[in-house]
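K.L.:
Following this message is one structure expressed as structure tokens.
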Amino acid sequence: MAKLSNVEQTQLILARLMEGGQEDDETCRELDDLAKLLNDDAKRAATEQSICDVIDDVCLDTILGYLDMRQAELVHGHAILTTSAYLKAAGDKGNIALQKFFFDRVQRGTYDDYIVAFCVAAAIFPIAPDQTADIFLTEGFLASLDPLMRRKWKSRKVETACLEMLNAASMNSQCREAIKKYCTDWLEEVVDQDPNELANAIHSADPEIKVSEGSIAMRRHSEAVQHLAAVILAKLRVGTLRLPPATPRPYEYLGWRMPSAQQPTEEPGEKIQQANTSIEDLSKMFTSMLLKDPESGKRHSVEGLAYASIQPVIKEEVARNKELLKTLVKILNDAPAKSPLTYGALSIFLNLTRYQPRQSEEEKKMTQLKAYADAAGKLASPNPLSDNDHVSERCKRVFEAGIVPVLVTHSRHGSVASLNLIVSIIAALSVTTSLRGQLAQQGAVNLLIAACTALPESESQAKRTSAQALARILISTNPALVFGGTRARPQNSAIRPLVSILTPDPAAETRDLLPTFEALMALTNLASTDDDTRATIVRTAWPEIEEQLLASNALVSKAAAELVCNLAQGAEGVALYADGTPQAASRLHVLLALADAEDEGTRSAAGGALASLTAHQAVVAGVVARKRGVDVVLGLCREPSEDLRHRGAFVARNLAACEGDAGRAARRAMREAGAVETLKACAKSSRRAEVVEVVAQALKVLLEEQD
């Protein structure tokens with residue numbers, strides 16, 4: 001039997017779909033097969049016959065009919081993928097066919113046609129935003145919705161389908177403005193209506209009358225419809241705010257835009273009514289629904305709260321409601337991976353924990369000037385609820401609600417978008433020093449290391465955020481405890497993510513050295529553990545570490561010197577300074593310069609490194625050969641700090657006790673530099689026995705050889 005062509009296969013699949021009567025699983029398979037044929041068709045050359053030629057208006061009507069909200073959720077999901085494949089393969093022809101389908105249905109004017117048309121628009125908005133927005137903003141369409149929704153005898157299914165369409169469309173700024181103009185009044189009416197008001201009135205008039213929940217005669221809105229309308233109102237309120245760049249706004253990244261000719265304009269004499277329902281009222285509505293019945297209305301309530309919680313006052317209200325936080329954590333825990341519910345819940349927690357971006361003084365001035373200009377001459381002051389103290393307190397409350405184990409679970413199976421949000425939440429929690437140990441105990445370290453690997457290169461900012469959060473946690477925790485468990489990752493797996501942020505972000509407009517500083521401190525902590533870790537750090541990151549030793553920022557330079565001090569305890573670190581090469585001599589010169597730096601912490605770290613390195617003859621010879629090398633060592637012995645004198649005395653003892661030609665040259669240089677007097681003064685001014693003991697050993701060698 002000859003193999004069927006793609007066109008023939010398409011015709012058979014369409015015939016079975018149009019016939020109907022199949023089980024949902026069979027329908028999904030047919031839709032998947034059609035989607036595969038359409039995806040393959042989009043890749044074929046234009047000279048070949050397209051299977052889209054056999055998909056006429058009737059066939060498209062059948063495919064789009066599976067987007068009806070009355071279809072099973074499983075079928076609906078597969079139909080979205082098939083529709084997306086069709087629009088991609090059909091191109092302009094598909095866009096025209098889609099527009100014709102929509103307006104044909106709307107013009108028929110039956111409730112069933114309205115339901116299908118609105119459901120199709122709601123489903124296609126995310127996958128074909130430009131095309132659907134063109135349809136949505138067609139002159140006269142939105143204006144016709146108001147009388148439709150105000151009919152005396154209304155259909156709840158039409159109402160729900162229409163609101164789902166408006167909810168999807170309100171992600172787009174142009175559509176959002178049009179909705180605000182034409183639909184705000186009846187959206188407010190839907191939200192403000194008491195669902196029990198009419199029933200109570202009827203019951204008061206005649207207690208014998210039984211009014212069912214689904215009675216059309218009641219002409220009232222269900223709670224589900226009210227909450228969906230509230231979500232749309234929340235988007236209309238928040239959509240006009242100037243949001244932080246990282247705030248998730250679903251579908252905004254698709255870059256929706258409309259030709260200027262189709263932008264809605266206000267007709268003469270019309271005036272948009274001032275909104276009555278505030279974002280605070282909407283937030284209370286979402287909160288009440290989640291606490292009263294989290295299962296029935298959680299999708300819309302979570303989505304609405306994700307928008308409402310962008311505002312500082314709502315953040316505070318949500319964070320102070322322990323019951324609500326625990327409910328949201330449970331909803332996130334139970335939500336399927338890669339679902340809108342998961343993304344919505346994560347967005348709420350991100351809003352609660354988000355810190356304001358760090359700004360330089362120049363950036364702060366520019367922000368103030370821009371705010372002043374936007375406020376038409378009124379200087380806008382930052383909201384006090386967004387300051388670091390309030391954010392830190394909200395982070396503690398979110399952590400106490402038990403969010404971290406749930407984030408760890410979702411990070412293993414979530415989408416890239418969800419992982420972005422998870423990383424940002426963990427990074428915000430890690431700012432609070434007191435939480436870092438508990439974050440490590442609950443699996444945040446493994447999560448962040450895995451995220452650095454799993455996130456694609458296109459998500460460079462998220463990868464850097466993961467690495468910086470990892471650095472913060474490792475600064476404040478004992479590596480032996482973090483990596484010592486049976487299920488923990490190897491300690492060396494943390495090194496590469498930390499190294500990735502040693503150099504400033506090349507894509508950033510301003511140079512931020514905080515990630516560099518924190519990475520150096522975390523690596524220093526790791527380097528305090530064992531030789532294998534120290535060797536891995538040297539092999540992986542030495543060029544970057546060496547560059548930071550010369551940083552103009554004193555804190556960064558000191559952190560790099562402290563890391564070198566720990567690396568000098570291992571053979572790989574010693575080899576960098578003791579292999580007799582010109583590069584080793586240059587490195588020793590830098591270390592001696594740091595031992596004479598203005599910053600006491602930097603001198604201490606460099607002195608500690610020299611104390612370890614001068615146990616080797618090659619390093620001793622290098623110190624003596626360097627002009628002022630011995631003077632720098634003796635300068636440490638004269639420091640007022642006992643710790644610095646201890647380091648200087650240790651280096652002096654190593655120089656004096658060195659054998660061979662290097663040792664003889666060192667003792668001669670030390671005597672010429674006045675080492676005996678300096679060491680005697682060091683011993684007299686020291687109160688710690690270990691310092692006096694080391695000084696005595698150095699003096700003994702110098703005086704014996706002199707005699």
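No value in this document is a laboratory result; all are computed from the given coordinates. Fair warning: this is a prediction, and the values are worked out from it, not measured in the lab. Neighbour counts run over all protein chains shown; Cβ positions are idealised from the backbone, glycine included.
K.L.:
Counting alpha carbon pairs within less than 8 Å and at least 6 residues apart, what relative contact order, in whole percent, applies to the stretch 453-573?
P.N.:
Once normalised by length, the contact order is 24 percent.
K.L.:
Could you tell me what a quarter of the Cα convex hull surface of the stretch 421-462 works out to, in nm² with one decimal place?
P.N.:
Averaged projected hull area, Cα only: 2.9 nm².
K.L.:
Going down the list Lys43/Lys330; Lys180/Lys322; Lys36/Lys463; Lys88/Lys326; Lys627/Lys684, which pairs span over 32 Å between their C-alpha atoms?
P.N.:
Exceeds cut-off: Lys43/Lys330; Lys180/Lys322; Lys36/Lys463; Lys88/Lys326.
K.L.:
Moving on. Read through the labelled values (1) 246; (2) 267; (3) 147 and report the label of the one computed as volume of the Cα convex hull per residue in Å³ from the structure.
P.N.:
(1)
K.L.:
Relative contact order for the chain using alpha-carbon pairs under 8 Å, separation at least 6, rounded to a whole percent?
P.N.:
Relative contact order for the chain comes out at 6 percent.
K.L.:
Shifting gears a bit: For the stretch 551-647, just the Cα set please: Rg and Dmax, both in angstrom.
P.N.:
12.2, 35
K.L.:
Right, next: Output the 0 to 90 degree angle, nearest 10, between the alpha-carbon long axis of helix 416-429 and the longest principal axis computed from the alpha carbons of the chain.
P.N.:
50 degrees
K.L.:
Right, another one. Which angle between 0 and 90 degrees, to the nearest 10, do you get for helix 642-657 versus the longest principal axis of the chain when only C-alpha atoms count?
P.N.:
Computed tilt is about 50 degrees.
K.L.:
Fewest Cβ neighbours within 10 Å first, please rank Thr503, Thr160, Thr533 accordingly.
P.N.:
Lowest to highest Cβ neighbour count: Thr503, Thr160, Thr533.
K.L.:
In whole Å, what three semi-axes, largest first, describe the equivalent ellipsoid of the stretch 1-125 built from its Cα gyration tensor (square root of 5 times each eigenvalue)?
P.N.:
Semi-axis lengths for the stretch 1-125 are 24, 17, 12 Å.
K.L.:
With unit charges on the beta carbon (Lys/Arg positive, Asp/Glu negative), name the residue among Asn566, Ile537, Phe136 whose Cα is farthest towards the positive pole of the charge dipole of the chain.
P.N.:
Most positive-ward Cα: Asn566.
K.L.:
Sort out the exposed loop GluC sites (Glu not before Pro) in the chain (DSSP loop, at most 12 other Cβ within 10 Å) and tell me the longest stretch that has none.
P.N.:
296-508
K.L.:
Compute the projected area of the convex hull of the Cα atoms of the stretch 614-707, averaged over all viewing directions, and report it in nm² to one decimal place.
P.N.:
Directional mean of the projected Cα hull area for the stretch 614-707 stands at 5.2 nm².
K.L.:
Spelling out what I want: for every residue of the stretch 468-482, take phi, set θ = phi - 60°, compute 6.51 cos²θ - 1.76 cosθ + 1.60 (Karplus), and round to whole Hz; glycine and proline get x.
P.N.:
5, 5, 4, 4, 4, 5, 6, 5, 9, 10, 7, x, 4, 7, 5
K.L.:
Then there is this: Given +1 on the Cβ of Lys and Arg, -1 on the Cβ of Asp and Glu, and no further charges, what dipole in debye does the chain carry about its Cα centre, rounded to the nearest 20?
P.N.:
2040 debye
K.L.:
From the gyration tensor of the Cα coordinates in the stretch 27-69, what semi-axes in whole Å does the equivalent ellipsoid have, largest first, with each one equal to sqrt(5λ)?
P.N.:
Semi-axes from the Cα gyration tensor: 21, 13, 7 Å.
K.L.:
Tabulate in residue order the Karplus-calculated ³J(HN,Hα) for the stretch 51-63, using 6.51 cos²θ - 1.76 cosθ + 1.60 with θ = phi - 60°, rounded to whole Hz; enter x for Gly and Pro.
P.N.:
Once θ is set to phi - 60°, the couplings for the stretch 51-63 become 5, 5, 5, 8, 8, 8, 4, 5, 5, 5, 4, 5, 4 Hz.
K.L.:
Now, a different point. Once you have the alpha carbon radius of gyration of the stretch 281-325, what is it after dividing by 2.2 N^0.38 Å, with N set to its residue count?
P.N.:
Relative to the 2.2 N^0.38 Å estimate, the stretch 281-325 comes out at 1.02.
K.L.:
Angle between the Cα long axis of helix 675-685 and the longest principal axis of the chain, 0 to 90 degrees, nearest 10?
P.N.:
70 degrees
K.L.:
Counting other C-beta atoms within 10 Å, which of Leu429, Leu236 has the fewest, and how do the rest follow?
P.N.:
The most exposed by this proxy come first: Leu236, Leu429.
K.L.:
Treating only the Cβ of Lys, Arg, Asp and Glu as charged (+1, +1, -1, -1), what charge dipole size does the stretch 657-707 show about its Cα centre? Round to the nearest 20 debye.
P.N.:
The dipole magnitude comes to about 260 debye.
K.L.:
Still on this structure: Going by how many other beta carbons lie within 10 Å of each one, how would you line up Val623, Val225, fewest first?
P.N.:
So the residues, fewest neighbours to most, are Val225, Val623.
K.L.:
Using every Cα-Cα pair within the stretch 421-580, state what percent have a distance larger than 21 Å.
P.N.:
Summing the P(r) tail past 21 Å for the stretch 421-580 gives 43 percent.
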